[in-house]
């Protein structure tokens, strides 16, 4: 167990000293919510729907996997999602796009991990100001018609169309039940009454202060597996790696959790531990003894420039109930009923404006002579789904 996890679980004189600060934070957040509800403070409305995905605790291993799933759900429905994030807590940089070649020390491991898994199909941008970051993304990627905000639970300036909050009910994340800085909670459980969905991770099926009116979605860990960093399509389970000479490379503070996972998978490894912000170079992996080198996902993104076929990445995926897809798409259907939103959509190929044909439920690209269908209330912006307009059909 890491020192900060131990800190979250205990109540010591230091926690009692910080408890009044936690109460002031709760009061501050409550006052801000009241002011925004009464329109005394003004929130910003962006031209496309905004989906907020955040955790009630300071960190959640589920969130990255969940955001990837939601992005894939939106893409499968024909939408063009983009992702915005702070990158890392003390990021004060202007809006920047995250690419595979971005440096993890500048972007943060998790935003780079999102880019790695989604590749070029879903742009990821980071920046200190979420609203400015969203505007920069939409300006650079005019085809994006929905944004996923990785965090933003407490950024009430940003109007949201759907908000889901992850609650990890395991003991290690629920901790002492106190609000930051005395505990791991970023807000009280009462905050969950004002969200669209609560996503439960962990073994506990219910949590206090959640009424039956709030939609609760469960997520379950899938069987852990490994993929090759150089060739991601190559995968293996623990049985496929057993019996080989395995080294495990990990940075603090993830050491114990990672090694415990490998022990649970019955893998015998030789561990090598590096400092938390270590910059990996090729010599870190030079070992004639190792047939396999295992590394956690958060550290793997620091090694994308290395080319060593022995590096395998431990991946833990989480699957959510199918109901999450339905409630997200239901919210988006309500948004896309507004013709003003349909009028700002652009063709994903030429980036030109589209003509909304209400009678045929189509969006027409005059330049490419393509008709994108509006299916079940969702504009399907996929070239394979578009109807090629015959030359004799007049576009008005």
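The values are calculated or read from the model by the stated rules, or taken from the named source; none is laboratory data. These numbers come from a predicted model, not from an experiment. In this analysis, Cβ positions are derived from the backbone assuming ideal geometry, glycine residues included, and neighbour counts consider all displayed protein chains.
Are there any pairs with C-beta distances below 6 angstrom linking a residue in segment 377-396 that is in the same structural domain as residue 357 (by TED's automatic domain parsing) to a residue that is assigned to a loop (DSSP other than H, G, I, E, B) and surrounded by fewer than 11 Cβ atoms within 10 Å (Cβ to Cβ), with the two at least 6 apart or on different chains, and if so which?
So the pair list comes out empty.
Only one of (1) without any contact (Cβ under 8 Å) to a residue 40 or more places away in the chain; (2) exposed (fewer than 15 other Cβ atoms within 10 Å of the Cβ) fails for residue 280. Which number is that?
Evaluating residue 280 over (1) without any contact (Cβ under 8 Å) to a residue 40 or more places away in the chain; (2) exposed (fewer than 15 other Cβ atoms within 10 Å of the Cβ) leaves (2) as the failure.
Cβ contacts < 6 Å: first residue closer than 30 Å to residue 259 by Cβ, restricted to segment 1-30; second residue part of a helix (DSSP H, G or I) and at pLDDT below 80, any location; separation 6+ or different chain. Result?
Hits for this filter: 5/172.
Against the conditions (1) modelled with pLDDT under 95; (2) closer than 22 Å to residue 221 by Cβ, where does residue 71 fall short? Just the number, please.
Going through the list (1) modelled with pLDDT under 95; (2) closer than 22 Å to residue 221 by Cβ, residue 71 breaks only (1).
Report, by residue number, each residue of segment 99-117 that is touching a helix residue (DSSP H, G or I) at 6+ places or on another chain (Cβ under 6 Å) and under 16 Å from residue 70 (Cβ atoms).
Residues satisfying the conditions are 110, 113, 117.
Tell me, please, whether a residue that is in contact with a helix residue (DSSP H, G or I) (Cβ under 8 Å, 6 or more places away or on another chain) and in contact (Cβ under 8 Å) with a residue 24 or more places away in the chain can be found in segment 346-357.
Looking for residues that are in contact with a helix residue (DSSP H, G or I) (Cβ under 8 Å, 6 or more places away or on another chain) and in contact (Cβ under 8 Å) with a residue 24 or more places away in the chain, one finds at least one in segment 346-357, hence yes.
Of the residues that sit in segment 316-358 and are at pLDDT 90 or above and part of a strand (DSSP E or B), which one is nearest to residue 201 (Cα to Cα)?
Selected residue: 346.
Identify the single condition in (1) within 12 Å of residue 313 (Cα to Cα); (2) modelled with pLDDT of 90 or more; (3) surrounded by 15 or more Cβ atoms within 10 Å (Cβ to Cβ) that residue 198 does not satisfy, given that it satisfies every other one.
(1)
For residue 202, are the conditions met, namely being free of Cβ contacts under 8 Å to residues at least 40 places away in the same chain, within 23 Å of residue 323 (Cβ to Cβ) and in contact with a helix residue (DSSP H, G or I) (Cβ under 9 Å, 6 or more places away or on another chain)?
Yes, satisfied.
Farther than 26 Å from residue 147 by Cβ and surrounded by 13 or more Cβ atoms within 10 Å (Cβ to Cβ): does that describe residue 252?
yes
Can you tell me which of 342, 314, 354, 363 is in contact with a strand residue (DSSP E or B) (Cβ under 7 Å, 6 or more places away or on another chain) and within 30 Å of residue 219 (Cα to Cα)?
Only one candidate passes the filter, namely 314.
May I ask you to list the residues in segment 43-56 that are assigned to a strand (DSSP E or B), surrounded by 20 or more Cβ atoms within 10 Å (Cβ to Cβ) and in contact with a helix residue (DSSP H, G or I) (Cβ under 9 Å, 6 or more places away or on another chain)?
50, 51, 53, 54, 55, listed by residue number.
Which members of segment 368-396 meet the condition of being surrounded by 13 or more Cβ atoms within 10 Å (Cβ to Cβ) and part of a loop (DSSP other than H, G, I, E, B)?
Matches in segment 368-396: 368, 369, 377, 380, 381, 382, 386, 389.
Having 2 or more residues that are in the same structural domain as residue 30 (by TED's automatic domain parsing) and touching a residue at least 24 places away in the same chain (Cβ under 8 Å) is the bar; report the strands (runs of 3 or more DSSP E) wholly within segment 86-196 that clear it.
The qualifying strands (runs of 3 or more DSSP E) are 146-150, 162-168.
Only one residue in 130, 86, 119 is buried (at least 20 other Cβ atoms within 10 Å of the Cβ) and under 25 Å from residue 345 (Cβ atoms), so which one is that? Give the steps one after another, and end with the answer.
Values: 86 fails: under 25 Å from residue 345 (Cβ atoms); 119 fails: buried (at least 20 other Cβ atoms within 10 Å of the Cβ).
Of the residues listed, the single one that is buried (at least 20 other Cβ atoms within 10 Å of the Cβ) and under 25 Å from residue 345 (Cβ atoms) is 130.
So, restricting to helices (runs of 4 or more DSSP H) that lie completely within segment 229-302, which ones have at least 2 residues that are within 22 Å of residue 60 (Cα to Cα)?
Counting at least 2 such residues, we get 255-264, 297-300.
May I ask you to verify whether residue 302 is under 29 Å from residue 202 (Cβ atoms) and exposed (fewer than 13 other Cβ atoms within 10 Å of the Cβ)? Spell out the reasoning first.
Numbers: under 29 Å from residue 202 (Cβ atoms): yes; exposed (fewer than 13 other Cβ atoms within 10 Å of the Cβ): no.
No: the conditions fail for residue 302.
Please state which one of 294, 341, 324 is in contact (Cβ under 8 Å) with a residue 12 or more places away in the chain and surrounded by fewer than 18 Cβ atoms within 10 Å (Cβ to Cβ).
Details: 294 fails: surrounded by fewer than 18 Cβ atoms within 10 Å (Cβ to Cβ); 324 fails: surrounded by fewer than 18 Cβ atoms within 10 Å (Cβ to Cβ).
Testing whether each residue is in contact (Cβ under 8 Å) with a residue 12 or more places away in the chain and surrounded by fewer than 18 Cβ atoms within 10 Å (Cβ to Cβ) leaves just 341.
Only one of these is within 12 Å of the chain's Cα centre (by Cα) and either closer than 29 Å to residue 342 by Cβ or not in a helix (DSSP H, G or I) (or both): 67, 73, 40. Name it. Can you show your working first?
Numbers: 73 fails: within 12 Å of the chain's Cα centre (by Cα); 40 fails: within 12 Å of the chain's Cα centre (by Cα).
Criteria check complete, one pass: 67.
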